[in-house]
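The structure appears below as structure tokens.
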Amino acid sequence: MKRVLIPVIAVLVAVSVLMGHASAQEVKTLRGEAGFSETNSAAEINQVIESGRFPQNYRQQPPLIPHRIDKYEIDLKVNQCMRCHNWQYAAKEGAPKISETHYKDHRTGQPMDDVVPGRWFCTQCHVPQVDAKPLVENTFQN
């Protein structure tokens, strides 16, 4: 057993040394010669549209979030989105109720009382809407 472990450890050490050497080399960008100041800045992207909701661009697109969420806590135990959008609170808070699909077990199709774990992390599908210039030119049309 020891005879097998020694070569494996040697290979792992060699790979980690080589990776450290590779990461120390100059990083090349796909943007060409454009510097970071010449592209969209984070402050520009974080501006949320207050004047209304953007239309959906394609069938079954998850709705965009029309407000800031940068301080919202979403982890295994807490989801601040649910304080307004869960079915129990939506009417009182004046917020859209999350879809019934978020309460259905994916495997069995059975309705659940709470949001199913696969739908708990809202930002895996929903993103804040912003009026930002495209990072890359494209010809997409609604």
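The modelled label-to-label distance between L12 and V116, using points 7 Å beyond Cα along the C-beta direction, is 3.8 nm. Projected label points at Y72 and R59, each 7 Å from Cα along the beta carbon direction, are separated by 2.7 nanometres. Only Cα pairs under 8 Å and 6+ residues apart enter the sum, and on that basis the relative contact order of the stretch 65-135 stands at 31 percent. Residues whose amide H falls under 5 Å from that of K104, counting only those 5 or more places apart or on a different chain, are M112, V116, with hydrogens built in the peptide plane. Please give me the summed charge of the neighbours of P62: other residues whose Cβ is under 15 Å from its Cβ, Lys and Arg +1, Asp and Glu -1. Computed value for this residue: +3.
Going through the cross-link list K104/K133; K77/K104; K77/K97, which pairs have a Cα-Cα distance over 25 Å in this structure?
Going by Cα-Cα distance, K104/K133 fall outside the 25 Å limit.
Taken together, the values in this text are just the output of simple stated rules run on the coordinates, not laboratory data. A quick note: this is a predicted structure, and the numbers were derived from the prediction, not measured. Positions of Cβ are backbone-derived with ideal geometry, glycine not excepted, and every protein chain shown enters the neighbour counts.
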